[in-house]
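Student: The structure that follows is given in the form of structure tokens.
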């Protein structure tokens with residue numbers, strides 16, 4: 001996600017250093033068995049200044065027991081994306097382990113032990129793919145050396161498979177568990193002495209492996225944050241100020257305390273401006289023996305609020321104001337050629353304004369956290385994407401050293417970026433400290449929708465020109481939306497470079513004149529990152545405009561996209577970005593280049609697989625869009641059917657994906673299938689509105705997500721085979737779907753879509 005630099009501690013060009021874990025390290029690790037062979041793996045790399053950073057303790061532990069069980073401690077958060085499977089799978093494949101004998105242990109949140117555990121931004125696999133392979137390969141070599149020593153044969157004649165070392169010439173084999181004692185005595189090989197597997201040798205990487213949590217999830221035994229329980233635990237729900245920056249003026253809790261089961265009422269200080277991501281909102285908490293009593297007690301609380309400066313805010317009014325603002329000249333953020341001249345000399349000028357609303361994360365599991373504060377220490381159980389951020393926020397709020405705070409990471413019932421913000425975890429810790437009781441803070445769906453870190457509303461104006469030769473000669477993109485950075489600094493009124501670099505400033509097409517301009521937009525809510533972030537509105541505007549340009553030029557949209565991408569080459573943007581830099585999702589563009597050839601291949605693939613251009617019955621249509629985000633190339637074709645009552649159904653969605661080396665096909669397909677459903681909600685249903693400073697929507701009846709009849713029926717995911725470095729797959733499904741759907745609706749009905757969510761009756 002587009003997290004401000006000050007809140008994101010990630011390494012670049014990550015590699016690994018493997019060593020035997022000391023007994024002291026071993027004793028600190030939960031989940032490892034006594035005895036066995038244990039390797040610690042340090043991940044290290046360079047910070048933004050290019051300085052080498054090495055963590056002071058292992059990031060991942062790999063243990064092989066005398067029974068042959070392989071235990072891998074995984075340090076990323078699992079929210080359905082399969083990272084608890086994919087990272088261990090990489091180690092196991094390179095090691096030659098038997099997958100049925102691999103056990104995954106979730107690491108607690110501890111930066112000193114594991115480095116950054118922030119599971120955001122679709123970077124886990126791309127960051128750790130090579131280091132995890134190296135860790136597995138080093139363990140493999142050690143066990144091969146142990147077996148060769150026992151057999152008195154050359155190491156080069158040995159290999160590993162299915163949890164055994166095999167001697168190729170004789171065919172004899174020995175299980176890992178029987179080699180543990182010998183392997184423990186051998187020196188750790190240098191990374192330069194190992195040989196990683198060739199692609200054709202993989203047994204799990206590039207295959208479809210179900211997630212390790214699948215059985216527990218479908219059987220109801222998996223432990224999510226909402227499932228955690230400790231002895232004498234009490235439940236807290238909080239009545240929070242409905243307006244950003246508002247504070248509790250006074251409250252009357254007489255009726256609340258009369259509810260059976262209600263124990264205490266505790267005010268929470270908050271409502272600071274800027275809100276940041278770790279501060280709780282101002283409110284009054286009701287602590288009770290059970291959830292029903294807590295909610296009933298909260299309903300009876302009489303609170304008087306000082307609503308503050310945002311009490312008159314109206315989102316519809318801001319959209320109107322921004323729609324006027326983008327008609328003016330803005331701050332130039334990217335410039336190529338002379339757009340004004342292109343406009344004067346154009347044969348045709350097409351201009352449209354594109355509007356998108358606030359969005360909420362709407363995770364099926366609302367925020368929740370359990371905290372125990374005792375003897376100057378705090379222990380937390382929470383569904384968090386960013387355990388170190390949570391630990392530091394809790395330590396700061398409680399006034400204790402971070403070393404005295406332990407964060408246990410549960411499974412997440414959806415994340416989408418919401419659960420990387422630790423405000424709800426801080427609430428639990430503060431209430432546990434104040435009450436002296438183990439406290440679980442439980443947000444209701446209403447709390448979730450009213451007090452989210454929202455995906456900001458957006459107004460954009462694109463003016464495109466077609467010259468006398470029927471070529472697109474100019475592209476002028478005006479953008480206005482509250483920036484994520486405003487959550488940390490209220491003086492920020494315009495998008496950050498990182499936000500613009502998600503479709504706008506990295507517009508890749510070969511148009512002679514390109515100008516991107518931004519405008520002021522004040523934040524009146526807590527603004528945060530949501531799955532694929534600013535790609536959502538920017539690509540909606542860009543890809544629907546491109547479809548309209550193709551029609552105006554008399555060209556097929558797919559053919560136009562291939563033409564505009566030009567020759568196969570790597571492109572950069574920094575020489576055209578004004579007073580800024582292209583972020584490239586935190587990666588060096590020389591290492592992860594923007595390659596037009598790879599984008600063209602996914603476009604050609606999706607057109608072939610979807611049978612693009614085929615005849616469809618009246619009321620049906622195909623729509624196309626393509627976009628690169630989080631370093632992954634995606635092309636999408638959506639088929640729609642629009643009934644006489646304007647009811648939209650989506651029979652087929654086709655994706656073509658180039659995410660470099662595909663680690664787990666099962667998860668890649670699942671991410672794209674889920675991404676299509678997530679995007680369908682954005683396009684067809686979801687909208688947050690604000691009146692008098694407060695969110696209007698209360699639950700899924702008013703903030704809707706697609707139901708089964710409206711959801712895409714068949715989602716086809718076509719993965720390009722590649723040996724390039726792996727890239728993200730959690731967020732890239734989202735951006736191209738909505739414009740592809742809008743373009744399909746136009747093909748079916750003749751109606752262009754300029755505002756989300758789609759309303760064909762309006």
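Student: Given 0.36 nm per residue, what is the gain on full extension from residue 396 to residue 490 after removing their alpha carbon distance, in nm?
Tutor: 31.7 nm
Student: Let me make sure I get this right: for the stretch 453-513, a, b and c are the square roots of the gyration tensor eigenvalues over alpha carbons, sorted descending. Under 1.5 in a/c it's rounded, otherwise prolate if a/b > b/c, else oblate. Which is it?
Tutor: Judged from the Cα gyration tensor, the stretch 453-513 comes out prolate (a/c at least 1.5, a/b above b/c).
Student: Starting from the Kirkwood radius over alpha-carbon pairs of the chain, derive D by Stokes-Einstein at 4 °C in a medium of 1.567 mPa s and give it in µm² s⁻¹.
Tutor: 47 µm²/s
Student: By the gyration tensor of its Cα atoms, with a ≥ b ≥ c the square roots of the eigenvalues, what is the shape of the stretch 155-222: rounded for a/c under 1.5, prolate for a/b over b/c, or oblate? The partial results should precede the final answer.
Tutor: On the way: a/c = 2.05, a/b = 1.75, b/c = 1.17.
It is prolate, given that a/c is not under 1.5 and a/b is the larger ratio.
Student: Can you tell me the order of 633-640, 411-418, 217-224 when each peptide is scored by its average per-residue count of other Cβ atoms within 10 angstrom, highest first?
Tutor: 633-640, 411-418, 217-224
Student: A further question on this structure: Starting with the fewest neighbours, write out 615, 605, 515 ranked by other beta-carbon atoms found within 10 Å of each beta-carbon.
Tutor: Going from least to most buried by this count: 615, 605, 515.
Student: Where the centroid of each part is defined by its Cα atoms, how far is the stretch 199-276 from the stretch 706-762 in Å?
Tutor: Measuring centre to centre over Cα atoms gives 31 Å.
Student: Taking square-rooted eigenvalues a ≥ b ≥ c of the alpha carbon gyration tensor, is the stretch 616-762 rounded, prolate or oblate, where a/c under 1.5 means rounded and, failing that, a/b exceeding b/c means prolate?
Tutor: Judged from the Cα gyration tensor, the stretch 616-762 comes out oblate (a/c at least 1.5, b/c at or above a/b).
Student: Sorting 569, 445, 298 on the 10 Å Cβ count, fewest up front, what's the list? Provide the component values of the computation, followed by the final result.
Tutor: On the way: 569 12, 445 17, 298 24.
Fewest to most other Cβ atoms nearby, the residues stand as 569, 445, 298.
Student: Under the 0.36 nm per residue contour assumption, what length would be gained going from the current alpha-carbon distance of residue 316 and residue 691 to full extension? It would help to have the intermediate numbers written out before the result.
Tutor: On the way: separation 375, 0.36 × 375 = 135.00 nm, distance 0.82 nm.
Extra length from residue 316 to residue 691 when fully extended: 134.2 nm.
Student: Hey, could you pull the Cα Rg and Dmax for the stretch 290-415, both in Å?
Tutor: Rg, Dmax (Cα atoms, Å): 24.8, 76.
Student: Per DSSP H run of n ≥ 4, the term is -39500 (n - 2.57); total these for the chain, divide by its residue number, and report the mean residue ellipticity at 222 nm rounded to 500 deg cm²/dmol.
Tutor: -8000 deg cm²/dmol
Student: Let me see the pair-distance distribution of the stretch 652-727: every alpha carbon pair, 10 Å bin width, integer percents in order.
Tutor: 17, 35, 23, 17, 7, 0
Student: Quickly work out the residue 351-to-residue 219 label distance, labels modelled 7 Å from Cα along the C-beta direction, and quote it in nm with one decimal.
Tutor: Using points 7 Å along Cα→Cβ, the separation is 6.4 nm.
Student: Pulled fully out, how much extra length does the chain show between residue 182 and residue 276, if you take 0.36 nm times their separation in residues and subtract their Cα-Cα distance? Walk me through the numbers before you get to the answer.
Tutor: On the way: separation 94, 0.36 × 94 = 33.84 nm, distance 5.26 nm.
Extra length from residue 182 to residue 276 when fully extended: 28.6 nm.
Student: Taking the Cβ-Cβ separation of residue 197 and residue 497 as r and a Förster radius of 56 Å, what is the calculated FRET efficiency to the nearest 0.05?
Tutor: Once rounded, the FRET efficiency stands at 0.90.
Student: If contacts are Cα pairs under 8 angstrom and at least 6 residues apart, what is the relative contact order of the stretch 227-336 in percent?
Tutor: Relative contact order, the stretch 227-336: 34 percent.
Student: Determine the relative contact order of the stretch 392-489: mean sequence separation of Cα pairs under 8 Å and six or more apart, normalised by residue count, in whole percent.
Tutor: Result for the stretch 392-489 is 17 percent.
Student: Sticking with this structure for a sec: Return the inverse of the average 1/r over all pairs of distinct C-alpha atoms in the stretch 398-481, which is the Kirkwood hydrodynamic radius, in Å to one decimal.
Tutor: This gives a value of 17.7 Å.
Student: When the convex hull of the C-alpha atoms of the stretch 137-261 is computed, what volume per residue in Å³ does it have?
Tutor: That works out to 310 Å³ per residue.
Student: For the chain, what is the relative contact order in percent, using Cα pairs closer than 8 Å and at least 6 residues apart in sequence?
Tutor: Numbers: 1809 pairs, mean separation 102.3, N = 762.
Normalised by residue count, the contact order of the chain is 13 percent.
Student: I want to check the label-to-label distance for residue 375 and residue 341. Put each point 7 Å from Cα in the C-beta direction and report it in nm to one decimal.
Tutor: 7.7 nm
Student: Next question. Thinking of the stretch 233-292 as a set of Cα atoms, what percent of all their pairs are more than 18 Å apart?
Tutor: 38 percent
Student: A follow-up question, please. Label points 7 Å out from Cα along the Cβ direction at residue 646 and residue 149: separation in nm?
Tutor: 7.6 nm
Student: Would you mind ranking 304, 353, 738 by Cβ crowding within 10 Å, fewest neighbours first?
Tutor: In increasing order of surrounding Cβ atoms, one gets 304, 353, 738.
Student: Taking just the alpha-carbon atoms of the stretch 461-592, what radius of gyration and Dmax come out, in angstrom?
Tutor: When restricted to the Cα atoms of the stretch 461-592, Rg and Dmax are 15.9, 48 Å.
Student: Another one. Could you compute how fast the stretch 588-668 diffuses translationally, taking Rh as the Kirkwood radius over C-alpha pairs and applying Stokes-Einstein at 10 °C with viscosity 1.306 mPa s? Give it in µm² per second. Each step should come with its number before you reach the end.
Tutor: Working: Rh = 14.3 Å.
Answer, rounded: 111 µm²/s.
Here, each number is a calculation from the coordinates, and none is a lab measurement. In this text, all values refer to a predicted model and were calculated from it rather than measured experimentally. Reconstructed Cβ throughout: ideal geometry from the backbone, glycine too, with neighbour counts over all protein chains shown.
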